[in-house]
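Below are the structure tokens for one structure; questions will follow.
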């Protein structure tokens, strides 16, 4: 079966099963990341544009896009060629610096409003860990504030209160065993888009809050933006109370604008983290922000903040980021990307309407979410009564119809510049078939 063909619902893949069984004997859970596990074994061995091809030749339309890291498309010829050209003759150096690091830093500082200095690392988790540690060092305070439903990586200070049951709202809810309770006790969990809750937390004169860490657009559970006035109020409150404001733009940065989401809303944080689409899937992340803060990464003890990593600013990843910036700087890039996001949202809305199942589609730019409930959420707490079982069943059905997306409920859908009308037609056909089948099985009006 070639590119563009869909698989038949319920079909199996001997090649997939054999490789998956072997992986299951060698890797925990059979995969390098728990988030990658699907509802049935699928082993991919080729990627191109907006499609993934499994070992048995089955072609899937990619609606995950590396959880948003792929923006230009997979193996985009222009990006591959330009990355190779920029990195010609270079590989991991491990000493000194490279000219590529300078070139990218200059570009990031020119594009991102909050960027006065740039610090490189490899993953989003590393970036948020370093940002939190830096905030504590700079303020001399201990606590951070994060929001229910946001995800900032797997380190102990933030590995909590992401996808929580209703009974765990308002109190610590670790999503991993082995995390230090003492570390988690230093993190306050608050509801998103609730300025009064922040004001109360920062009210005491002796508050011990170093930073507020926030996704400026909640993409880890869908597509929930700041409400009007919230970002401005949050910024003013943090300034007044001596608290650092950190925007986690690991997802929003580059996917929605080269200057990050902060450039769209006109609110500049003290620090911001970037990753994922910054290199169109190459391993690279960055912490940007105020000069006086980031200079601590180079300060001597006892005030210096450690920052290191063998693979930080790997030349090929930096070259990939420069090539990504070049492509996204072209006039057609973001209008095209936003239009493709709109096409995906429209396709899902038509499928939902035809099925009669209660669901709501939300979108910002090239990120789309589908929630099985009546109204669009304003915060995580609005999602706990949605039908997560129906969400998971919908995703299983999509996979059986050749549409690849995360298996877990609440995860966002993403598109790239290589998604075409034929891909959206396949997605709509699959969504229509899956929802119709679920409706026949008795799925209907989801709880509001």
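Note down the relative contact order for the chain as a percent, whole number, built from C-alpha pairs under 8 angstrom at least six residues apart.
RCO, the chain: 22 percent.
Expressed as a whole number of Å, what is the distance separating the alpha-carbon centroids of the range 373-420 and the range 154-209?
Cα centroid to Cα centroid, the span is 25 Å.
Further, regarding this structure: Give me the angle, in degrees from 0 to 90, between the Cα long axis of helix 14-26 and the longest principal axis of the Cα atoms of the chain, rounded to the nearest 10.
Roughly 30 degrees between the two axes.
Hey, another quick one. Taking the simple approach of a point 7 Å from Cα along Cα-to-Cβ for both residue 116 and residue 207, what is their distance in nm?
Computed distance between label sites residue 116 and residue 207 equals 2.3 nm.
Per q in 0.19, 0.27, 0.28 1/Å, what log10 I(q)/I(0) does a Debye calculation on the alpha-carbon atoms of the range 82-132 return?
The calculated log intensity ratios at q = 0.19, 0.27, 0.28 Å⁻¹ are -0.85, -1.17, -1.17.
Can you give the angle from 0 to 90° between the axis of helix 77-86 and the longest principal axis of the chain, with both taken from C-alpha atoms, to the nearest 10?
Approximately 30 degrees, to the nearest 10.
Here is a further query. Assuming 0.36 nm per residue, please report the length gained on full extension of the stretch residue 200 to residue 439 beyond their Cα-Cα distance.
Length gained between residue 200 and residue 439: 81.5 nm.
I've got another one for you. Give me 142, 290 sorted ascending by neighbouring Cβ count inside 10 Å, so fewest comes first.
142, 290
Turning to a different aspect of this structure: Order of 98-107, 219-228, 330-339 by packing, highest average Cβ count within 10 Å first?
219-228, 98-107, 330-339
Now, a different point. How much length is gained on full extension from residue 172 to residue 27, taking 0.36 nm per residue of separation minus their Cα-Cα distance?
Full extension from residue 172 to residue 27 adds 49.2 nm.
Then there is this: Within the range 294-337, what residues put their amide N at less than 15 Å from the label point 7 Å along the Cα-to-Cβ vector of residue 106?
319, 322-323, 326
Along Cα→Cβ, 7 Å out, is where each label goes; now give me the distance between the ones at residue 378 and residue 75 in nm to one decimal.
In this crude spin-label approximation the distance works out to 4.7 nm.
Which order do peptides 432-439, 82-89 fall in by mean Cβ count within 10 Å, highest first?
Packing order, densest peptide first, comes out as 432-439, 82-89.
Moving on to the next point. Note down, for the range 80-206, the three equivalent ellipsoid semi-axes (square root of 5 times each alpha carbon gyration tensor eigenvalue), biggest first, whole angstrom.
Sorted largest first and rounded, they come to 36, 18, 15 Å.
Okay, next question. Just to be sure I understand the model, the point goes 7 Å from the Cα along the line to the Cβ. What's the resulting residue 354 to residue 396 distance in nm?
Reported label-point gap for residue 354 and residue 396 is 2.3 nm.
Helix 421-440 versus the longest principal axis of the chain: what angle, 0 to 90°, nearest 10, using Cα atoms?
Value to nearest ten degrees: 70.
No lab work stands behind these numbers, since they all come straight from the coordinates. Bear in mind the structure is a predicted one, so any value in this text is a computation, not a measurement. Neighbour counts are summed over all protein chains in view; Cβ atoms, including those assigned to glycine, are modelled from backbone coordinates with ideal geometry.
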